[in-house]
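A.B. asks: Below is the structure I would like to discuss, written out as structure tokens.
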Amino acid sequence: MNVALHAIARVCNPVAGGLKQLLMIDPNDLSSQPVFYLVPNIETLSLKPGKTALVLEHDRFSAMLESDTDVSNKQGDIFTYSLQATVKGIRLDVEYLRQKLMNRRIHMVAKYWDGTQQFLPYVRLRAKSESGKGVREKNQYTFTAQAQYATVAPLLQASLSVQTGDGTIITPPGTGSSVPAMASITTSASSYTYTLPAGKLLVAIFVKSTAAQTIMIGKTSGGAEIAGPVAMASLTAELFGAASLRAESGTPIYFTGLTGTNTIEIWTLSAS
């Protein structure tokens, strides 16, 4: 068997503990789902145009991934995975993430310090925030997840497009001087058009309807350049989070496929 010299050197080098990075991918953002249960390695993940993976990074983030072979199952052995991650500081971008993770499963990619990436499909991620008990303690989020698979979680060979920023999920422009703003609209029409003011950066859109609907949000009438088509159940909120549009002048955003009565919140950033 031929083994490249760089691979041998990599094995001999000590590897730092913990995770360097944790990627989160909405399965709906992939062009096709990987066949993770047949092969030990995934060569590539194909994201739809304009879609990215969200990321937690080591600067304000620490995490541990643990796996084990459970031999107590009467139906046969299974592989269990347990993740615990900590993100320092209570802040708006992580709150967006918590909302986005509600009632859904995501794909996770755990990246080790030597560059190895492990793919964990269809994981439920739980997020807990805490203030600490005293002024000397730090407030933080704790993310936990457990998963069980009939095969080992495969390794991922591909590099992904990520939305990053030292542990930040949604990266505001500038150096932190941006001020978030929110416009709230209630409409019972089948379509709605909102004009994004000049100089505003679109950060997130929150939608909740009294009826089931398949919504599209676009830069053109009937388009889905920003989000969609997304099927939504009645009385279930959806948060579309992406810094996807920066208005040089007044720019319309089109909502189509609306049914029932919709509450729409449009979150933007601008320089203070």
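A.B. asks: List every residue pair whose Cβ atoms lie under 6 Å apart, where the two residues are 6 or more positions apart in sequence or sit on different chains, the first residue falls within segment 45-72 and is over 18 Å from Phe119 (Cα atoms) and charged (D, E, K, R), and the second residue, located anywhere, is in a loop (DSSP other than H, G, I, E, B) and modelled with pLDDT under 75.
C.D. replies: Asp59/Asp166; Asp59/Gly167; Arg60/Gly167
A.B. asks: For segment 55-123, which fully contained strands (runs of 3 or more DSSP E) count at least 3 residues that are touching a strand residue (DSSP E or B) at 6+ places or on another chain (Cβ under 8 Å), surrounded by 14 or more Cβ atoms within 10 Å (Cβ to Cβ) and β-branched (Val, Ile, Thr)?
C.D. replies: 78-88
A.B. asks: Restricting segment 208-229 to residues that are modelled with pLDDT of 90 or more and aliphatic (A, V, I, L, M), which is farthest from Ser31 (Cα to Cα)?
C.D. replies: Ala211
A.B. asks: Please go through segment 124-133 and give me each residue that is charged (D, E, K, R) and part of a loop (DSSP other than H, G, I, E, B), ordered by number.
C.D. replies: Once the filter is applied, which keeps residues that are charged (D, E, K, R) and part of a loop (DSSP other than H, G, I, E, B), segment 124-133 yields Arg124, Lys133.
A.B. asks: Among the candidates Leu92, Leu65, which residue alone is within 21 Å of the chain's Cα centre (by Cα), modelled with pLDDT under 90 and not assigned by TED's automatic domain parsing to the domain that holds Phe206?
C.D. replies: Checking each option against the conditions leaves just Leu92.
A.B. asks: Tell me which residues, restricted to segment 76-92, are of a type in the set (Ser, Thr, Tyr) and within 11 Å of Thr142 (Cβ to Cβ).
C.D. replies: Thr86
A.B. asks: Against the definition (without any contact (Cβ under 8 Å) to a residue 24 or more places away in the chain and under 20 Å from the mean Cα position of the chain (by Cα)), how does Ala227 come out, yes or no?
C.D. replies: So Ala227 fits the description; yes.
The values are calculated or read from the model by the stated rules, or taken from the named source; none is laboratory data. Only a predicted model underlies this, so the values are computations on that prediction, with no experimental measurement involved. When we count neighbours, we look across all protein chains shown, and the Cβ atoms used for this are built from the backbone with ideal geometry, even at glycine.
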